[in-house]
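The values are calculated or read from the model by the stated rules, or taken from the named source; none is laboratory data. Nothing here was measured: the structure is a model prediction, and the numbers come from that model. For neighbour counting, all protein chains shown are included, and Cβ atoms are generated from backbone atoms with ideal geometry for every residue, glycine included. To get the accessible areas, we keep the full protein, side chains included, count just its heavy atoms, and leave off ligands, DNA and RNA. Shrake-Rupley method; radii C 1.70, N 1.55, O 1.52, S 1.80 Å.
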Amino acid sequence: MSTQIKFCSLASGSSGNCYYVGNEKHGILIDAGIGVRTIKKRLKDIGVALESILGIFVTHDHFDHIASIGVLGEIHHIPIFSTPEILDGINRCYKVTQKLQHSKRPIAKNKIIEIGSFTIEAFSVSHDASDCVGYTICQGTKKFTIATDLGYINTEAAQHLMNATSFVVESNYDEQTLLENPSYPTYLKERILSNKGHLSNHALAEFLSINYQEHWQHIFLCHLSKENNSPECALSTIEKKIAHQRFNLWTNCTLIALPRTTPTEVFII
Ligand SMILES: [Zn+2]
Ligand SMILES: [Zn+2]
């Protein structure tokens, strides 16, 4: 059995999120916040058929993560895994017109489930939806964690990120750019900055520099804001912070900012 995990970001950010995690036989999706046709096309472009998707794991019920969940679950018969609160939240979302019935697969946090050759565990993250989770996907010795949309890195998320061999984590905004952005009303700035909002470049840089692990191989920055961030800004904030440390994180580890609207190549992790 292969121990390699393939990862491809199909989209990442407030206009839609969807990640593919798989091996040569089968795979899963994390979130489905872009159109079904786009998902199918982007999967086909990397040689993956929608029929090989064993399930979709949903992080929370904000629309940029669930736009196509109903159709993929009920029309394409792909099992939809998440906590009962998130599954209920999806069905309460008025923008999701196809409600979940037969495709619902409720799961508990901190409980390992098996799907294909993967084991998957959901853990709590701090954000402002019905319920919010990250996922750690394991195969062989590889542990791949996804933690998107989080106001701060709580103890559970920190533990999963530190144990992971590679991970996707939010690097949403540059604090100064957000604070000085005239098109963002105060209430929205406060929401983003809060513990249940989004993670700043600086907060992530701080976490990475304090908790550096030698086994980290790939760090993918996700959910970058279009208005209050750029890949260059996110990468340089982290690189500057790490440069002050005695160790050199980047000899063993690759840091990649995921594009918002375009898919990435397939990474072997
Ligand atoms: Zn989001
Ligand atoms: Zn969200």
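Here is the figure for region 50-67: residues that are open to solvent by 10 Å² or more (accessible area, probe 1.4 Å), more than 15 Å from ligand 2 (Cβ to nearest atom) and of a type outside the set (A, V, I, L, M, F, W, C) total 2.
Does N163 qualify as being within 17 Å of the chain's Cα centre (by Cα), open to solvent by 40 Å² or more (accessible area, probe 1.4 Å), away from ligand 1 (no atom under 16 Å from the Cβ) and over 15 Å from H223 (Cα atoms)? Judged against the criteria, N163 is a match.
Can you find, within region 75-86, the residue that is most open to solvent (accessible area, probe 1.4 Å) among those that are β-branched (V, I, T) and either within 16 Å of ligand 1 (Cβ to nearest atom) or farther than 20 Å from L150 by Cβ (or both)?
Applying the first criterion (β-branched (V, I, T)) to region 75-86 yields 75, 78, 80, 83, 86.
Now drop any that are not either within 16 Å of ligand 1 (Cβ to nearest atom) or farther than 20 Å from L150 by Cβ (or both), which leaves 75, 78, 80, 86.
On the way: I75: 97, I78: 7, I80: 0, I86: 0 Å².
For region 75-86, the residue satisfying everything is I75.
Would you confirm, using the coordinates I've provided, whether G89 is touching a Pro at 6+ places or on another chain (Cβ under 6 Å) and open to solvent by less than 20 Å² (accessible area, probe 1.4 Å)? Let's see the steps before the verdict.
Numbers: touching a Pro at 6+ places or on another chain (Cβ under 6 Å): no; open to solvent by less than 20 Å² (accessible area, probe 1.4 Å): yes.
In short, no.
Looking across region 60-107, the residues that are of a type in the set (V, I, T) and under 21 Å from S126 (Cα atoms) come down to I66, T83, I86, I90, I107. Residue count for region 171-186, restricted to those that are without any contact (Cβ under 8 Å) to a residue 40 or more places away in the chain and either hydroxyl-bearing (S, T, Y) or assigned to a helix (DSSP H, G or I) (or both): 4. Restricting attention to region 127-152 and to residues that are touching a residue at least 40 places away in the same chain (Cβ under 8 Å), more than 16 Å from ligand 1 (Cβ to nearest atom) and open to solvent by less than 30 Å² (accessible area, probe 1.4 Å), the residue that is farthest from the chain's Cα centre (by Cα) turns out to be Q139. Whether any residue in region 79-101 is of a type in the set (F, W, Y), under 14 Å from D131 (Cβ atoms) and within 16 Å of ligand 2 (Cβ to nearest atom) is what I want to check. For region 79-101, residues of a type in the set (F, W, Y), under 14 Å from D131 (Cβ atoms) and within 16 Å of ligand 2 (Cβ to nearest atom): absent. Restricted to region 14-33, and to residues that are surrounded by fewer than 22 Cβ atoms within 10 Å (Cβ to Cβ) and either without any contact (Cβ under 8 Å) to a residue 12 or more places away in the chain or more than 21 Å from I113 (Cβ to Cβ) (or both), which residue is nearest to ligand 2 (Cβ to nearest atom)? Selected residue: S14. Pairs meeting the criteria (first residue in region 187-202 and within 14 Å of I153 (Cα to Cα), second residue within 16 Å of ligand 1 (Cβ to nearest atom) and among the hydroxyl-bearing types (S, T, Y), beta carbons under 6 Å, at least 6 apart or on different chains) are N195/S126; N195/Y152; K196/S126; S200/Y173; N201/S171. Candidates in region 99-126 are the residues that are over 22 Å from N211 (Cα atoms) and in contact with a Leu (Cβ under 7 Å, 6 or more places away or on another chain); of these, the one that is farthest from ligand 1 (Cβ to nearest atom) is G116. For the criterion of being surrounded by 23 or more Cβ atoms within 10 Å (Cβ to Cβ) and at pLDDT 95 or above, I46 fails.
If the condition is being touching a helix residue (DSSP H, G or I) at 6+ places or on another chain (Cβ under 8 Å) and more than 16 Å from ligand 1 (Cβ to nearest atom), then region 54-74 contributes G70, V71, L72.
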